[in-house]
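Undergrad: I have a structure here, written as structure tokens, and I will follow up with some questions on it.
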């Protein structure tokens, strides 16, 4: 499947009710063959309006976090979400909505072929690392799945709500930087 075919299928998806309330499909952004991929939970209001993931306040914080480790959505990473349409009132996507969209994400992962996937928040971590994943316990840990290294960070929105999580997130970002240097150092050149 090509990017264009996948985007078309996603745009015309009717697997769940989220499609009815969206303004724009929020498919993904960044370098399509990046070695580092970031996956959030779902688009918010600003993302829904613009059709691009992580462009609101949380996205601005994410850009700062990426800069700390030498990443940029324009140069060396790809960013997407579990669900591609905004849940009403920015609520968490339900299990049913996540399952309706998971094949789109799997196709994106197959096309990108990342070496590292960073889960942004508990919802992405539970879907990609394991259903029992607890972000407050296992953030910053490194997990191997199908020849891909996975790591979970607190979602930037959580860091905006609770600044006390920022110091441990900074340490997690240092771990991510070391992981990139170990797995795919050319990304940072």
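Undergrad: Which of the residues spanning the range 147-173 are in contact (Cβ under 8 Å) with a residue 60 or more places away in the chain and more than 23 Å from residue 113 (Cβ to Cβ)?
TA: Selection gives 155, 156, 157, 159, 160, 169, 170, 173.
Undergrad: How about the range 1-27: which of its residues are within 28 Å of residue 88 (Cβ to Cβ) and not in a helix (DSSP H, G or I)?
TA: Selection gives 12, 13, 14, 15, 16, 17, 22, 23, 24, 25, 26, 27.
Undergrad: Also, quick follow-up: Kindly indicate the residue of the range 141-157 that is outside any strand (DSSP E or B) and surrounded by fewer than 17 Cβ atoms within 10 Å (Cβ to Cβ) and also modelled with the lowest pLDDT among those meeting that condition.
TA: 146
The values are calculated or read from the model by the stated rules, or taken from the named source; none is laboratory data. These numbers come from a predicted model, not from an experiment. Please note: Cβ atoms are built from the backbone with ideal geometry, for glycine as well, and neighbour counts cover all protein chains shown.
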